Amino acid sequence: MNYIVLDLEWNQSCRQEEYNPKVPFEIIEIGAVKLNEDMVMIDEFSALVKPSIYKTMHYMTGKLVHLKMQELKNEQPFEEVMAKFEDWCSGEPVMFCTWGPADLLELQRNMNYYDLPPFADGPIAFYDVQKLYAIAHGNRKERLGLETAVDRMGIKKDIPFHRAFSDAYYTAEILIRLKDPKLLDYISYDTYNIPIDKEHEVHRIFQDYDKHITRGFTTKEAMLADREVRNTGCYLCGRRSSREVKLFNPTGRFFLAVSRCDKHGFIKTKIRIRKADNGLYYAIKTQKQITASEANAIKKRFNKAKEAES
């Protein structure tokens, strides 16, 4: 297997009247580094893209990437650059790696706009190196900027940041230095294309939590009525668990619940509701073991939410 460490630069609308909701960000540069199975750099890819949607460079884009629109006018269009990129990726099975989750999403949006075949019919497994860095350094919720992480790891800064290839290169350098092989268990999933049916839903148990990505539903209500989505039993043994806190919506963005397994203790269930570009609703459900004090804190949130409703 090869690891394709990918980074993109994109432009956006300068005026509301030219905004295209199908492609809020138009890719203007693709950069990538190829690592072999031993995490050794073996090749690189870099290409600018001729814009066809947004013909004026947004001031923030130009400030960051130091590119002018006239520099892109003689480059190849997106379809031709993507054909070269996919050919460059071919030959071995690949795992994409990015700094943060946005690049694969926007790449697939651009591909869909030009009617290019998708990478997959469902979610794409990839490594979010930003997340892996956070896990490796003991703060799972911290999301550092790429340059800050490079500085903290003492990586030599010999090429400028904020260009696709250079950011892919630095991301690869960080990935290479994350020596713990257990980190590679923490696979992320891009959900631009959600599971096509129940059979293809994602179920994965990690070292300390479980993730379930559902198929699409026409309404939120239908999704939340699904028996498996609502199940808050123990993911470790499958036993029926006592419900300590029933599913509730503390913030409007997700649902929480707490159950108690006789064997594995308190289990927190979190259900985040998302809407795919195809208009269907899907859930990303996670479950993990928590302490009694953490369970009690969620119970207090539940009681506070109920008081606010009454």
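At a glance:
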item	result
11 Å beta-carbon shell around PRO21, net charge (K/R +1, D/E -1)	+1
Bridge type composition, segment 2-185 - antiparallel percent by DSSP, nearest 5	65 percent
Mean separation of Cα contacts under 8 Å, 6 or more apart, over the residue count of segment 2-185: relative contact order %	27 percent
Links that overshoot a 28 Å alpha carbon limit, given the list LYS141/LYS300; LYS157/LYS285; LYS50/LYS179; LYS22/LYS73	LYS157/LYS285; LYS50/LYS179
Backbone HN-Hα couplings from phi across segment 163-175 [Karplus 6.51/-1.76/1.60, Hz, Gly and Pro as x]	10, 4, 5, 5, 5, 5, 4, 5, 4, 5, 4, 5, 4
For segment 22-51 and segment 240-310, distance of Cα centres in Å	38 Å
Net charge of neighbours whose Cβ lies under 12 Å from the Cβ of HIS200, counting Lys and Arg as +1 and Asp and Glu as -1	-2
Antiparallel DSSP beta bridges within the chain, percent to nearest 5	85 percent
Overall form of segment 1-77 per C-alpha gyration tensor (a/c, 1.5; a/b vs b/c)	prolate
5 angstrom amide H check on CYS261, placed H, neighbours 5+ away	PHE266, ILE267
Segment 122-203 - convex hull of alpha carbons, volume per residue in Å³	112 Å³
Helix 102-113 axis, angle to the chain major axis (alpha carbon atoms, nearest 10°)	70 degrees
Whether segment 197-309 is rounded, prolate or oblate, judged on the alpha carbon gyration tensor where a/c under 1.5 counts as rounded	oblate
In order through segment 144-160: 3J(HN,Hα) via Karplus (6.51 cos²θ - 1.76 cosθ + 1.60), integer Hz, x for Gly, Pro	7, x, 4, 5, 4, 5, 4, 4, 5, 8, x, 7, 5, 9, 9, 9, x
Residue (of ILE205, LEU224, ILE194) at the positive-pole extreme of segment 189-234, dipole from beta-carbon charges	LEU224
Contact order relative to length of the chain, as percent, for alpha carbon pairs under 8 angstrom and 6 or more apart	14 percent
Sequence of ARG230, ARG177 once ranked by neighbouring C-beta atoms within 10 Å, starting from the fewest	ARG177, ARG230
Among TYR209, TYR113, TYR54: highest mean-square fluctuation, GNM of the chain, C-alpha pairs under 10 Å	TYR113
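Bear in mind that the values in this text are calculations on the coordinates, not laboratory data. None of these values were measured; they are calculated from a predicted model. Please note: Cβ atoms are built from the backbone with ideal geometry, for glycine as well, and neighbour counts cover all protein chains shown.
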